[in-house]
1. Compute the normalised compactness of segment 343-450: alpha-carbon radius of gyration over 2.2 N^0.38 Å, N being the residue count.
2. Go ahead and estimate [θ] at 222 nm for the chain from helices alone: -39,500 (n - 2.57) per DSSP H run with n ≥ 4, summed, over the residue count, rounded to 500.
3. Find the relative contact order for the chain and round it to a whole percent, using C-alpha pairs within less than 8 Å whose residues are 6+ positions apart.
4. Pull out the extension gain between Ser33 and Asp89, defined as 0.36 nm times the separation in residues minus the alpha carbon to alpha carbon distance; nm, one decimal.
5. Where Rh is the Kirkwood radius over the Cα pairs of segment 314-377, the temperature 20 °C and the viscosity 1.002 mPa s, what D in µm²/s does Stokes-Einstein return?
6. Around Ser461, which amide H atoms from residues at least 5 apart in sequence, or from another chain, sit under 5 Å from its own amide H, with H modelled in the peptide plane?
7. If I model the chain as equal point scatterers sitting on the Cα atoms and use the Debye formula, what is log10 I(q)/I(0) at q = 0.07, 0.08 Å⁻¹?
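Every read-out reported here was derived from the displayed coordinates using simple, explicitly stated rules and does not represent laboratory data. Computed from a prediction, not measured in an experiment: that's the story for all the values here.
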Amino acid sequence: MADRYLSLTGTAPGRFLTRRLGLPQPARLRRWSPEAPTLRGQLLHLTAGRSALDLAPVLARSGLDLGLDPGLGLDRDLGLDRNLGLGTDHPVAVVLDATGVRDVETLAEVHAALHPVVRTVAEGGRIVVLGTVPDPADHHRAAVQQGLEGFVRSLGKEIGRGRTVNLVRLTDARPAESTLRFLLSPGSAYVSGQVIEVGGGAGTGAGAGEGARATTAPDDWAKPLAGRTALVTGAARGIGEAVAAALARDGARVVCLDVPAAGAALTAVAGRLGGVALPLDITADDAGARIAEALPGGLDVLVHNAGITRDRRLVNMPAERWSPVLEVNLASVLRTTDALLSGGTLRVGGRIVATASIAGIAGNAGQTNYAASKAGIVGLVRSLGPRALAEYGVTVNAVAPGFIETRMTAAVPLLIREAGRRMNSLAQGGLPVDVAETTAWLASPGSGAVNGQVVRVCGQSLLGA
Ligand SMILES: NC(=O)c1ccc[n+]([C@@H]2O[C@H](COP(=O)([O-])OP(=O)(O)OC[C@H]3O[C@@H](n4cnc5c(N)ncnc54)[C@H](O)[C@@H]3O)[C@@H](O)[C@H]2O)c1
């Protein structure tokens, strides 16, 4: 179901009218395409406080590959008015290294660095703030590092024009390269207001060393999954189809799984992507064994995407509507994960990406079953992530989509659908490709230091924010 309001505001008269009426102004987002695989533009590198990170080589390396011109390196010198030439330069990406922020005085440098810059950031540009995991042993530092979260989430809500703002907590620049590449790319167009930990921290329980060990910089960042095999459940349509396509674009051999009833669509998707179709109901007791049998050479990336809804308020919800949702969305994910990990099908360096939902974070009337299943995914990822990395060398993360334009959301009543589209900082719904790009980043061999994370792909939805 097309977003007609977005089309309207894409025209000059429509923009004029909606602006006069004070209505939301969604911008056209910069997404990946073969013609525009990078953001192209200037990268501005700023520093607040005294940083211990050796970020410059990572930014220079990724900046060049990303089509960014890292010419505006202003780190260690906040003479912004002098150097930036405000009003003439429009950086498309700004990286503010705030890892050195340790007290209220150095937090003021965040304001000093970004205050004169914010207005100049190009439409559809990216701001990434780098911080540290709040330190339980230093409450002053913990306070201001946590302060960065409020800062980033607020800036994301006010910046507009399709620009995104995210916070990455890290201790080492090198394992963060894949995350920086993702956040500074067209792939992250619908990811905003997020806090992502890299390298292990309080949230993951995994040591930074384990994450770094599970990280292999790809030979070719344009094909990070070359030589790897990926299985995507629910791949016959919607988000799953987009995920399979993104992983195939990144070089993976894709195995597309869906229910036998989706056979024709599934075969078509697998054929188009040069992959293999695996018709199988994921709730079958022996699904894990059958997947293992179909993958004698092993598996590198497992994407749990298949999901269903059976909405009804709890007072009206019979067990027949509760059970299938929990079976497809959670129980089968737990069973197949266990089977493929313990049976050794998932190789060392493997990646599991499961699909949660903002409904599992915020809750949603009429979705006690669905939200329970999706919150269950969050619990699974947080608990298993550290252990799977330590025992099997496999990371476990989740994507939590917000309102994404698919058949699932096309079935939502009109007014609720409109509200879902507009109630986020980007004032529009996401596309399946936005979830797919986020999944592809988590699936990359370069992302071994990202573990136990739940990354919302929701345009900074107001729900559960
Ligand atoms: N669309 C959204 O806005 C949104 C928001 C949050 C989360 N999600 C989640 O994203 C995932 C994909 O959603 P979508 O919108 O693409 O849904 P969709 O209904 O378009 O596609 C889901 C696919 O999963 C398959 N599937 C269902 N049960 C299965 C089973 N037992 N075994 C194998 N395959 C099965 C279906 O046949 C279908 O092809 C789901 O987990 C969903 O809960 C979607």
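1. 1.21
2. Working: 18 runs with 178 residues, N = 465.
It lands at -11000 deg cm²/dmol.
3. Computed over the chain, the figure is 16 percent.
4. Numbers: separation 56, 0.36 × 56 = 20.16 nm, distance 2.49 nm.
Using 0.36 nm per residue and subtracting the Cα-Cα distance, I get 17.7 nm.
5. After rounding, the answer is 166 µm²/s.
6. Ser425
7. -0.34, -0.45
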